[in-house]
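See below for the structure under consideration.
What follows draws every value from the coordinates through simple rules; no lab data is involved. Note that the coordinates shown come from a computational prediction; the quantities given were computed from them, not determined experimentally. Because the Cβ atoms are built from the backbone with ideal geometry, glycine has one as well, and the counts that use them run over all protein chains shown.
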Amino acid sequence: MMNEEVLHQYFRQVCDDGDQDAYNELYKALCSRLIHFSAAITGSWQLAEEIVSDVFIMLWRKRAQLSNVANPVVYLYVCTRNQSLNAVRQHRRHQHLSLDNLDTDALAILPDTEQNMLSAEVTQKIESAIRSLPARCQLIFRLVKQDGLKYREVGELLQISPKTVDAQLAISVKKIAEAIRLDMPADLAQSYLLR
Amino acid sequence: MMHDKIWNLLAKKMANQLPPEEEKELERLLQQHPDASYVKEVMMQPWKDKHKRFSPEETDQALQRHRQRLEAAMETEEEPEPGTGRIRRMIFRLTGVAAALALAFYVGYALWPKQKGQATEELQQMVTHQGSRSQIKLPDGTTVWLNAGSQLDYPKQFAGKTREVTLAGEAFFDVTKDAEHPFIVKTNTFSIRVLGTTFNVRAYPHEDNAVTSLVTGAVEVVMDKKTVRLMPNEKLSVSTLQPVSSGVADRETIVPAPAVKSTLTEVRDSVIAETAWVQNKLAFKSQPLEKVVILLEQWYGADIRFRNEDKKQVSLTAVFEKESLTEALEALELTGSFHFKKDAAGIIWIE
C-alpha cells in the first residue's frame with residue numbers, strides 16, 4: 001500500500017499545479033480501494049467504477065478549490081460514499097438508505113495464501129468468521145486492514161466515534177482468532193512454546 | 001477475559017496504532033498465550049481482495065477507461081440554461097458608484113517592454129483585494145470597474161494602432177468610441193476586441209471558465225483558433241483548462257470545453273447577475289451553493305468552507321446590496337437548506 005504522505009503530495013500537485021502525472025498516480029493508487037468501497041454500497045462493480053471515475057472527474061474540475069482539503073484520502077472516500085449513496089437512491093427509490101445495507105462480497109479480504117503457510121481449511125474458517133460479522137463490522141475491518149485507514153479516519157467516513165471503530169475492530173479480530181487459534185501447526189506451536 | 005484484552009491490542013497493532021507502552025503489554029500477553037501469537041502472525045500478514053483483484057495491468061486499464069470518461073466529460077461540459085427573459089433595461093445608472101467603491105486598492109507603477117521591436121511604453125497597474133472593488137478612467141476616457149481580487153494592466157498613454165489592456169479577474173468596461181483604434185482586453189484565455197461598447201469580463205485565473213458578457217454594442221472574442229462575435233445580451237463562456245502540449249506523444253491530454261454561448265441572467269427586474277456588481281449589488285440566480293460561496297468570499301473577503309459536502313449542490317437565488325456578510329448568510333439560511341457557524345478563527349463553516 002502506498003504511503004499516505006505520497007498520496008497527499010500527489011493531491012497537492014493536482015490542486016496547486018494541475019499536474020496530470022500526479023493525478024494519474026493518485027487514481028492508480030486509490031481506484032481499487034474506492035471501487036471496492038463503492039461496490040459494497042451499490043452492489044455493482046461496473047457502477048462502482050463509474051462512480052469512482054465521476055469522483056475523479058470532479059476532483060479534476062474543482063482542483064483549484066480543493067487545495068485546503070485537510071485529508072485528501074478521506075475526502076475522496078467521503079465523495080465516493082456520497083456519490084454511491086446517491087446512485088442507490090436513484091435506483092431504488094423506496095429503500096431505506098444506510099451504510100448497514102452493504103454488499104459484503106465486495107468487502108471480502110483473505111490472507112494471501114501464496115505468501116504464507118495457511119491451509120485452505122484455515123483460510124475457509126477465517127472467511128466464514130468474517131462473514132458472520134455484521135456488515136458494518138466487516139466494512140470497518142476492511143477499511144483498517146486492507147485500506148490502511150486510521151481509526152479516526154474510519155470514524156469520520158462512517159460518522160461514528162474512533163472508540164466505536166476500536167471496539168468493532170476488536171470484535172472482528174476476536175471472531176477470527178476464535179476460529180483459528182487452535183489450528184496452529186504443531187511445529188509453529190512448538191517454536192512459540194520454546195521461546 | 002484475558003483474551004479480549006489481547007484481541008483489542010492486536011487490532012490496534014494491525015491498524016499500526018498501538019502506542020509503545022501498550023506494545024510492551026501485548027508482547028507480555030503473547031508470551032503467555034502462544035495460540036494468540038499465531039493469530040497475530042495471521043493478522044499482520046498482507047491480505048488480499050477475495051473479488052476483483054486489480055493487477056497492475058488492470059489498474060492501468062481502469063485508468064485508461066477513466067481518462068476517456070474524463071475527456072468526454074470535459075468536452076460536453078455545458079453552461080446551465082440561463083433562466084428566462086430578455087433584458088429590458090440595459091443602460092445602467094453608473095454615476096455615483098465610484099464613491100461607494102474604491103475602498104482598498106492601490107495603483108502600482110511598473111515598466112515593461114511592450115513587444116519585440118517596439119518602443120517601451122510606460123505601464124500602470126491597478127489591483128483590488130478580496131472584498132474591495134474599484135473604478136478607474138483610462139487615458140482614452142474609457143471607464144473600468146474592477147471587481148474584487150483583480151488586476152488590470154494598462155499604458156499611461158495609448159500610443160499604437162490599438163488600445164490594449166490586460167486583465168486577470170473581473171472588470172466591466174464602458175469603452176469610449178474610437179473606430180480608428182480598436183480596444184483590446186487580453187486575458188489568459190481569450191482576447192476581446194471592441195470599437196465602442198459596454199461589456200463585462202470575468203477571467204479569474206483560478207476559475208474553470210472565463211466569461212465575456214456583452215451589454216451594448218458589439219465585441220469579438222478572439223481565442224487561439226477561432227473568433228466569436230457576440231450580440232447585446234449574450235455571453236460567451238470558455239474553459240480555462242490548459243491543454244497539455246508537452247511533446248510527449250503518449251501523454252494523455254485534456255481537451256478544453258468548447259466555448260459556450262448563452263444569454264445573460266436576469267435575476268429580477270433590471271438586475272443582471274453578470275453585471276450587478278457594477279451597481280454595487282451581488283446577484284446570482286439558481287447557482288449551487290459552492291459557486292455562491294466563491295462569490296461571497298470575493299465580495300466580502302471572507303473564508304467560507306464546507307463541513308457537509310452534500311450542501312454544495314443546494315441551489316440559491318438572491319440579490320444583496322447593503323447587507324453585511326452575516327446578514328446575507330442569515331437570509332440564505334432562511335431557505336432552510338443549510339446552516340452556518342463562525343469559528344474562533346473567523347472561518348465560516350457550512351453544515
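By the beta-carbon count within 10 Å of each Cβ, the least crowded to most crowded order of B:Leu29, A:Leu139, fewest first, is B:Leu29, A:Leu139. Across peptide B:10-18, the average count of Cβ atoms from other chains found within 10 Å of a residue's Cβ is 6.
Quick one: if the Förster radius is 22 Å, what FRET efficiency do B:Ser286 and A:Arg89 give, using the C-beta to C-beta distance and rounding to 0.05?
The formula returns an efficiency of 0.50 here.
Which of the residue pairs A:Lys150/A:Lys175; B:Lys156/B:Lys225; B:Lys261/B:Lys312; B:Lys48/B:Lys312 have a Cα-Cα distance greater than 28 Å in the structure shown?
From the list (A:Lys150/A:Lys175; B:Lys156/B:Lys225; B:Lys261/B:Lys312; B:Lys48/B:Lys312), the Cα-Cα distance tops 28 Å for B:Lys156/B:Lys225; B:Lys48/B:Lys312.
Figure legend: label point modelled 7 angstrom from the Cα of B:Asp140 along Cα→Cβ; residues of segment B:189-227 with amide N under 14 Å from it are B:192-199, B:218-220. Here the average projected area of the convex hull drawn through the C-alpha atoms of segment A:4-91 stands at 5.2 nm². Working note: 222 nm ellipticity from helices only, DSSP H runs with n ≥ 4, each -39,500 (n - 2.57), summed and divided by the residues of chain A, gives -22500 deg cm²/dmol to the nearest 500.
Which of A:Asp147, A:Asp112, A:Asp166 ends up with the largest GNM mean-square fluctuation for chain A, with Cα atoms connected below 10 Å? Answer for the Gaussian network model of chain A: A:Asp112. Each of B:His51, B:His66, B:His129 has some number of other Cβ atoms within 10 Å of its Cβ, and from fewest to most they run B:His51, B:His129, B:His66.
Amide H contacts of B:Arg305: B:Ile348, B:Trp349, B:Ile350, each under 5 Å away and 5 or more positions distant or on a separate chain (H built 1.01 Å from N in the peptide plane; Pro and chain starts excluded).
Its Cα centre serving as origin, segment B:1-79 has a Cβ charge dipole (Lys and Arg +1, Asp and Glu -1) of approximately 540 debye.
Note on A:Val6 and B:Glu351: with the Förster distance fixed at 30 Å, the Cβ-Cβ geometry gives a FRET efficiency of about 0.45. Footprinting exposure proxy ranking of B:Met44, B:Met223, fewest other C-beta atoms within 10 angstrom first, gives B:Met44, B:Met223.
Residue ranges B:335-347, A:7-19, A:62-74 sort as A:7-19, A:62-74, B:335-347 when ordered by packing (mean number of other C-beta atoms within 10 Å per residue, highest first). For the pair B:Asp303 and A:Gln159, a Förster radius of 25 Å applied to the C-beta separation gives a FRET efficiency near 0.50, rounded to the nearest 0.05. With everything on Cα atoms, drop me the angle between helix A:45-62 and the longest principal axis of chain A, reported from 0 to 90° to the nearest 10. Computed tilt is about 40 degrees. Residues whose amide H lies under 5 Å from that of B:Thr263, counting only those 5 or more places away or on a different chain, are B:Lys235; hydrogens are built 1.01 Å from N in the peptide plane.
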